[in-house]
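K.L.:
Would you mind keeping the following structure in view while I ask a few things?
Please treat every number below as a calculation from the coordinates, not as lab data. Remember, predicted model here, so these are calculated numbers, not experimental data. Heads up, the Cβs are rebuilt from the backbone with ideal geometry, glycines too, and the neighbour counts pull from every protein chain shown.
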Amino acid sequence: MAIKYSELVIEHFKNPHNVGTIDNPDAEATEGSPACGDQLTVYLKVDPETQKIEDIKFQSYGCASNIATASIITDLALGKSIEEAKKITWKQASEELGGLPPVKMHCSVLAVDALRSAIKDWEKKNLGKQFDESLTKKNVEKALQKVIYGKVGVDIISLKLVKYIGIDDENNVVIELAIGKDDSFLDDVKHEIMERMEKFDNIGSVKIALV
């Protein structure tokens, strides 16, 4: 079945804004993986006094939704302060594009992730901020809030599809999902979970079980 895109998605895909790189950026970050289909890098130039984003560029590897959401996210962030840009959400990005097909909503999450990671990079370098990115149940749950169930375009935590998160003394992780083994979106969910878990340092094995 062909995926139907809004006119705005098609416009931003065909004529994306803010494509490219920035020489000597103040911050940058890459999210996603070509192996999983989508990757996005965001570059920032920030005024040190006003903390406003003076310039923002992106490079994308992926589908039309990936490019379109990166285009709209960079539009939304340009000219905003760091604090304002941190409040941009993936739902807002989707709405600005006139909506995304549920199966492509993860692209909006990826775009916001890349923006927020670039902002974190700037805050670490310029404000000396430290972030708790350790392997804890709380942080695993936060990571799973970014995993989208493509059938309805909502994250698996909000849908209560995650029934259990366990971490043992050797940092092995167990995640139990309430998703049928024949669900056509199961493999996508598993791939996204594994991609999110790879970001944790010193993580052991990851087991995804169905209940």
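K.L.:
Can you show me the helix-derived [θ] at 222 nm for the chain, built from DSSP H runs with n ≥ 4 at -39,500 (n - 2.57) apiece and divided by the number of residues, rounded to the nearest 500.
P.N.:
Calculated mean residue ellipticity at 222 nm is -11000 deg cm²/dmol.
K.L.:
Something else: Using only the alpha carbons, work out the radius of gyration and Dmax of the chain in angstrom.
P.N.:
Taking only Cα atoms of the chain, I get Rg and Dmax of 17.5, 54 Å.
K.L.:
Please find the FRET efficiency linking Glu49 to Leu8, where r is the Cβ-Cβ separation and R0 is fixed at 35 Å, and quote it to the nearest 0.05.
P.N.:
About 0.55, to the nearest 0.05.
K.L.:
Could you rank the peptides 124-136, 45-57 by their average count of other C-beta atoms within 10 Å per residue, with the highest value first? Mind dumping the intermediate values first?
P.N.:
Details: 124-136: 11.1, 45-57: 16.4.
The peptides rank, most packed first, as 45-57, 124-136.
K.L.:
Within the stretch 183-198, list the residues whose amide N lies under 17 Å from a label point set 7 Å along Cα→Cβ of Lys129.
P.N.:
So the set is empty, nothing qualifies.
K.L.:
How high is the relative contact order of the stretch 137-210, given as a whole-number percent (alpha carbon pairs under 8 Å, six or more residues apart)?
P.N.:
Answer for the stretch 137-210 is 32 percent.
K.L.:
Projecting each Cα onto the charge dipole of the chain (Lys/Arg +1, Asp/Glu -1 at the beta carbon, about the Cα centre), which of Asn15, Ile193, Pro48 comes out farthest on the positive side?
P.N.:
Farthest towards the positive pole: Ile193.
K.L.:
Over all distinct Cα pairs, what is the inverse of the mean 1/r for the stretch 137-210, reported as the Kirkwood hydrodynamic radius in Å? Write down the numbers at each step before the final one.
P.N.:
On the way: mean 1/r = 0.0810 Å⁻¹.
About 12.3 Å, per the Kirkwood formula over Cα pairs.
K.L.:
Also, quick follow-up: Each residue of the stretch 150-164 in order: what ³J(HN,Hα) in whole Hz does its phi give by Karplus 6.51 cos²θ - 1.76 cosθ + 1.60, θ = phi - 60°, with x for Gly and Pro?
P.N.:
x, 5, 10, x, 10, 6, 6, 6, 4, 7, 6, 8, 9, 9, 7
K.L.:
Full extension from Lys87 to Val174: what is 0.36 nm times the residue separation minus their Cα-Cα distance, to one decimal in nm? Please report the intermediate quantities before stating the final value.
P.N.:
Numbers: separation 87, 0.36 × 87 = 31.32 nm, distance 3.10 nm.
Fully extending the segment from Lys87 to Val174 adds 28.2 nm.
K.L.:
Give the angle, between 0 and 90 degrees and rounded to the nearest 10, that separates the Cα long axis of helix 186-197 from the longest principal axis of the Cα atoms of the chain.
P.N.:
That helix lies at roughly 60 degrees to the long axis.
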